[in-house]
Amino acid sequence: MTEPYTPPVLPLLDKRQRPLRDLRISVTDRCNFRCNYCMPKQVFDQNYRYLPHTALLSFEEITRITKVFVAHGIEKIRLTGGEPLLRKNIERLIEQLAALRTPAGRTLDVTLTTNGALLARKAHALKAAGLQRVTVSLDALDDAVFRRMNDVDFPVAEVLAGIEAAQEAGLGPIKINMVVKRGTNENEILPMARRFKGSGMVLRLIEYMDVGATNGWRMNEVLPSSEVIKLIGDELPLVPLEPSRPGETAARWGYADAAGRHDPVAGEIGLISSVTQAFCGDCNRARLSTEGKLYLCLFASHGYDLRALIRADGADADLGAAIGRIWQDRTDHYSELRSALPADAGSVIRRVEMSYIGG
Ligand code: SAM
Ligand code: SF4
Ligand code: SF4
């Protein structure tokens, strides 16, 4: 018989006093896009060895692990990948996760990040399953630039239709993630800002990061957020806003009215500056890979094998004790250390790929 599980005293803090709050779950390492900054075609070609089906956590395994995480303080879940909408019957997993409750009896915030390719078809079913919001990645409005960036010639109109379907289905407020690469899509920043201003959606501009070891990252392709704010603010005046909660990845800027105050109808944008302004100080995110490894940082090279624990018939108490210990020992703060590393660190340290660990 398995022992009853005694939940820990919350909040569970790591070595830098950061609580465990946010769990990102990668449900597949596959994708129908080949964004050069994430899954470059030269590496993720027909010879690339993806995880076999038996290696993937089943929905029941994901739900069981998540339940123990929730007992340890997780309040927010983000499904990601690879492309999460490629995972068959993902709605079933969402139903199971949406049924979980925090120790205080609250529902969880269940969200998903997608490239939007399958969203028009799936938005209503996702909402019906209990998904609250989606974040859609969109790097350009210009069709030619967009097709080049996804590198599978996928038309932008289909992603825009997906965004519209998600809005109709009530999967909002929708966030739009735009990875900005100097020399690739910086001319798309203003058209994107104009398009999403006043739409009820929040455009988030992300500095191109040195994740993984395959994207050939170079600092000179990073457009610092300070330049992005200036570019947008010169045409559409902006005012800084307070963070809405601790550990928020994006710095918030609101569109200003004629008096220079934030105009809530015009909305806001977010700047994710993980290269130029490290935000490890209150990072409360854990990541569960497609095959059940726990990573404590987006830039980690080592994960803790939770799948082995549960497939060895471990009790929830053992899983809970392992999660508690791993989080309490956590010291990760890669973005704060980046500037001290050699420029080619990505090819030297065997960092995990973003398509495997999720964004
Ligand atoms: N396929 C889904 C998508 O694209 O939305 C979910 C997974 S994707 C890895 C999650 C997020 O990571 C996306 O918004 C993507 O743009 C972002 N991302 C991937 N590689 C990145 C990089 N090198 N720098 C910054 N963001 C990146
Ligand atoms: Fe696929 Fe998302 Fe990576 Fe693009 S960013 S290759 S859509 S996983
Ligand atoms: Fe969190 Fe690691 Fe990113 Fe720092 S570098 S914010 S610790 S994921």
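Filtering 33, 69 for residues that are among the hydrophobic types (A, V, I, L, M, F, W, C) and within 12 Å of ligand 2 (Cβ to nearest atom) leaves a single hit, 33. Inspection of the range 231-243 finds a residue satisfying the criterion of being exposed (fewer than 15 other Cβ atoms within 10 Å of the Cβ) and at pLDDT below 95. Looking at 53, 124, just one residue is under 26 Å from residue 178 (Cβ atoms) and not small (Gly, Ala, Ser), and that residue is 124. Restricting attention to the range 177-201, the residues that are open to solvent by less than 30 Å² (accessible area, probe 1.4 Å) and either free of Cβ contacts under 8 Å to residues at least 12 places away in the same chain or over 26 Å from residue 352 (Cα atoms) (or both) total 6.
In the range 128-139 there is at least one residue that is open to solvent by 40 Å² or more (accessible area, probe 1.4 Å) and in a helix (DSSP H, G or I). For the structure I just gave you, tell me whether residue 73 is in a loop (DSSP other than H, G, I, E, B), at positive phi, surrounded by 18 or more Cβ atoms within 10 Å (Cβ to Cβ) and not acidic (Asp, Glu). Here the answer is yes, as residue 73 does meet what is asked. One residue stands out in the range 254-285 among those that are in a loop (DSSP other than H, G, I, E, B) and of a type in the set (A, V, I, L, M): the one that is farthest from residue 241 (Cα to Cα), namely 275. Restricting attention to the range 248-302 and to residues that are open to solvent by 20 Å² or more (accessible area, probe 1.4 Å) and of a type in the set (S, T, N, Q), the residue that is nearest to ligand 2 (Cβ to nearest atom) turns out to be 249. Selection of the range 133-146 for residues being touching a helix residue (DSSP H, G or I) at 6+ places or on another chain (Cβ under 8 Å) and away from ligand 1 (no atom under 13 Å from the Cβ) yields 141, 142, 143, 145.
Within the range 81-119, the set of residues being within 16 Å of ligand 2 (Cβ to nearest atom) and part of a strand (DSSP E or B) comprises 111, 112, 113, 114. Applying the set (1) of a type in the set (A, V, I, L, M); (2) surrounded by fewer than 19 Cβ atoms within 10 Å (Cβ to Cβ); (3) in contact (Cβ under 8 Å) with a residue 12 or more places away in the chain to residue 228 leaves exactly one unmet item: (2). Any residue in the range 63-91 that is of a type in the set (Gly, Ala, Ser) sitting within a Cβ distance under 7 Å of a residue that is within 16 Å of ligand 2 (Cβ to nearest atom) and open to solvent by 20 Å² or more (accessible area, probe 1.4 Å)? List the pairs, counting only those 6 or more apart or interchain. Final answer for the pair search is 81/31; 82/30; 82/31.
Of everything in the range 264-304 that's modelled with pLDDT of 95 or more and either hydroxyl-bearing (Ser, Thr, Tyr) or on the phi > 0 side of the Ramachandran plot (or both), which residue is farthest from ligand 3 (Cβ to nearest atom)? Within the range 264-304, the match that is farthest from ligand 3 (Cβ to nearest atom) is 267. Pairs meeting the criteria (first residue in the range 232-258 and touching a residue at least 60 places away in the same chain (Cβ under 8 Å), second residue among the acidic types (Asp, Glu) and assigned to a strand (DSSP E or B), beta carbons under 8 Å, at least 6 apart or on different chains) are 247/22.
The values are calculated or read from the model by the stated rules, or taken from the named source; none is laboratory data. Please read all numbers here as calculations on a predicted model, not as lab measurements. No Cβ is skipped: glycine too gets one built from the backbone with ideal geometry, and neighbour counts run over all protein chains shown. Surface accessibility is based on the protein's heavy atoms, side chains included, excluding ligands, DNA and RNA. Shrake-Rupley method; radii C 1.70, N 1.55, O 1.52, S 1.80 Å.
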